[in-house]
Structures are given as C-alpha cells and as structure tokens.
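Written below as structure tokens is the structure these notes are about.
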Amino acid sequence: MMRVLGLAGWSGAGKTTLLSRLIPVLRAKGYSVSTLKHAHHTFDIDKPGKDSYLHREAGASEVLVASSHRWALMHELRGEAEPRLGELLSRFTPVDLILVEGFKRDPHVKIEVHRSGNGKPWLYPDDPSIGAVVSDVAPPGGGLPFVGLDDLDGIAGLVVDLAWPLDRTLVALRG
C-alpha cells in the first residue's frame, strides 16, 4: 500500500538536504521510496541541442527518453493549468512511501522542517495538516511530536508513523 507524507517549510529550511539524508535511512529499513518535488520556477531537465530537447521545442506534447539505466517523461503544459498534487501522485509507480517536498499549502499530512537561523515564521500551528516538527529548536506551544534535524532515525520513525495511505491523501486533497 502506497503511503504519502509531505515535508513542508520555507525555502532555506533544509528540506532537500534532509530528504537526501533520509531516503537512504528509509531504504535501509526496507522501504521503497519515491519523491515529488514542487518547483516554484521554470525548470528544465533537458539540454539544448539534444534530440529530446529538439522534439519538445518542435511541439511534442510529451517526450519520453529511455536508456538501460533510467527513463524520463517530459510533459509540456503548453498553457494548461499546473497539475494539482493529487493528479501528480496518481502517476507514480507503486512504492511504500512517496515523500512530497513543497506543496506546503495542500491539506495532506506533513512534517514541518524549520530552521531557526532562517528567520521565517512557523507553519505550525496555523496549518492543521502538520503532524510533527523537525527543527533545530522546539516548536512554540508544543503539542506535536518534535525531532531534531540530525536525528535521522527519529525522523524516519515519524515518516513511517504519520504517512497516510494514498487513497486517504487523495480524498483530503479533493477537499
């Protein structure tokens, strides 16, 4: 059964660094893991001059590149609305855990990643979908499970304990 959990926090809180350190810990515990990263800006995984880039630039709606090591499907929106989190989650091949970085305003269960030196406000307690906090300082008011930023086993435990089944996540995202 696929389960979903988000890591939410302001830019500079360390979400990407935490994910890159956390994934090997979860894998060592026997979990298969996929990630979904939201980008707030234009990004490109293709390189100008490559065949796939030329196909896309020529107007292809989708370009799939495959090799003996990996495959990637690029979908051009070409004026369509940005896909919502639920639509993106439904595209994944089954794994044990899908960890979502970003989408901090969506109502799926999340762990807030907070770094005091970042100078940004807490998302908790204003976001009721935050189920735990990972930070270098304790959250205001307590009430939620709290683990330090360097306690990877503790964070992995939070992920496993808090992740929602995909179907529950999709229901919450539909409102």
Quick count over the range 144-164, residues being over 15 Å from the mean Cα position of the chain (by Cα) and closer than 25 Å to ARG84 by Cβ, is 0
Lone qualifier among ILE45, ILE23 - being touching a strand residue (DSSP E or B) at 6+ places or on another chain (Cβ under 9 Å), more than 20 Å from VAL109 (Cα to Cα) and hydrophobic (A, V, I, L, M, F, W, C)
ILE45
Determine whether LEU64 is part of a strand (DSSP E or B) and surrounded by 12 or more Cβ atoms within 10 Å (Cβ to Cβ).
yes
Here are some residues: ARG105, ARG84. Which one is touching a residue at least 60 places away in the same chain (Cβ under 8 Å) and not aromatic (Phe, Trp, Tyr)?
ARG84
Only one of ASP153, ASP161 that is surrounded by fewer than 19 Cβ atoms within 10 Å (Cβ to Cβ), without any contact (Cβ under 8 Å) to a residue 60 or more places away in the chain, out of contact with any Ser or Thr (no Cβ under 8 Å at 6 or more places or on another chain) and within 19 Å of SER32 (Cβ to Cβ):
ASP161
Kindly provide the set of residues from the range 37-61 that are out of contact with any helix residue (DSSP H, G or I) (no Cβ under 6 Å at 6 or more places or on another chain) and surrounded by 10 or more Cβ atoms within 10 Å (Cβ to Cβ), ordered by number.
LYS37, HIS38, LYS50, ASP51, SER52, TYR53, LEU54, HIS55, ARG56, GLU57, ALA60, SER61
Residue tally, condition assigned to a strand (DSSP E or B) and among the aromatic types (Phe, Trp, Tyr), over the range 109-122:
0
Tally time: how many residues in the range 67-108 are in a loop (DSSP other than H, G, I, E, B), of a type in the set (Asp, Glu) and within 20 Å of TYR31 (Cα to Cα)?
1
Is it the case that SER90 is more than 12 Å from LEU5 (Cα to Cα) and crowded, with 19+ Cβ neighbours inside 10 Å?
no
Filter the range 125-169 for residues that are among the acidic types (Asp, Glu) and not in a helix (DSSP H, G or I); which is farthest from SER90 (Cα to Cα)?
ASP136
Give GLU82, GLU101, GLU76 a once-over and let me know the one that is within 30 Å of ALA60 (Cβ to Cβ), touching a helix residue (DSSP H, G or I) at 6+ places or on another chain (Cβ under 8 Å) and either modelled with pLDDT under 95 or of a type in the set (Gly, Ala, Ser) (or both).
GLU76
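The values are calculated or read from the model by the stated rules, or taken from the named source; none is laboratory data. Computed from a predicted model, the values in this text were never measured in an experiment. Note that each Cβ is placed from the backbone with ideal geometry, even for glycine, and that neighbours are counted across all protein chains shown.
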